[in-house]
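Encoded as structure tokens, the structure appears first; notes follow it.
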Amino acid sequence: FRRVLFRSTDHRKCLDEGRGTDIETEGVAIFSAEPIVSSSAIRLSEGRVGVAVRLASLPNTPIVATHLSANAQGQLDREREIAKLLPWAMQQGAGVLIGDLNARPDAGELAPLMSAYRDSWAEALAAGHAGGVLTGSTRPGRRVSRIDYVFHAPEVDLTLQSVEIIDTSTLGLGEVSDHHPVVATFRRTAETR
């Protein structure tokens, strides 16, 4: 696998309080089974980044990943992060945007993203092509809460086939994360060169 990892923080709080041995790290990684032909990143706020990659088989389709500020108190931070991320992602071209956005689909701060992109889970659910955790919840053991997304631009040369939210406990793996993985499958609709 090839990977791109970007970190963007130098928080020392845990180190200064004796609860760690180094600076806090938070980052976004994209792993690919095929060559990543280019990558770039944008700093959004303290410790938050957006990462864009292009794969050898889809050089004209950027894949953007991010992890936005958490909790209800982070709403204003998320609004600022999206205001910076969205124009940058749009400059990359029509593509896919994925990430832990730490906000439910009806959250006001997500409105700009919902206007610019299609929500792959909602589209797959409406078409009968959604699987796994059918409530849409991406948070194991909590009330229904969907905060992890795969978006795609309406004009991208990909057709959404299906989306699955995987409950890893059903695979005998237990709870491997505080989030369920979201897997979107696309089919190429036009030859990209």
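The values are calculated or read from the model by the stated rules, or taken from the named source; none is laboratory data. No experiment lies behind these values; they were computed from the predicted model shown. Here the Cβ positions follow ideal geometry from the backbone for every residue, glycine too, while neighbour counts run over all protein chains shown. Protein only, heavy atoms only, side chains kept; ligands, DNA and RNA dropped before computing areas. Shrake-Rupley method; radii C 1.70, N 1.55, O 1.52, S 1.80 Å.
Scanning segment 99-136 for residues that are open to solvent by less than 10 Å² (accessible area, probe 1.4 Å) and either in contact with a strand residue (DSSP E or B) (Cβ under 9 Å, 6 or more places away or on another chain) or closer than 17 Å to Thr159 by Cα (or both) returns Leu101, Leu110, Leu113, Ser120, Ala124, Gly136.
Only residues that are aliphatic (A, V, I, L, M), within 23 Å of Arg146 (Cα to Cα) and in a strand (DSSP E or B) were counted across segment 53-75, and they come to 3. Being over 18 Å from the mean Cα position of the chain (by Cα), surrounded by fewer than 20 Cβ atoms within 10 Å (Cβ to Cβ), of a type in the set (Val, Ile, Thr) and not in a loop (DSSP other than H, G, I, E, B) is true of Thr159.
Here is the figure for segment 64-81: residues that are open to solvent by less than 50 Å² (accessible area, probe 1.4 Å) and of a type outside the set (A, V, I, L, M, F, W, C) total 5.
Just for segment 167-192: of the residues that are in contact (Cβ under 8 Å) with a residue 60 or more places away in the chain and over 19 Å from Gly128 (Cβ atoms), which one is least open to solvent (accessible area, probe 1.4 Å)?
Taking the candidates together, the pick is Thr192.
Checked against (1) under 24 Å from Gly50 (Cα atoms); (2) open to solvent by less than 40 Å² (accessible area, probe 1.4 Å); (3) not aliphatic (A, V, I, L, M), Glu164 passes all but a single condition, namely (2).
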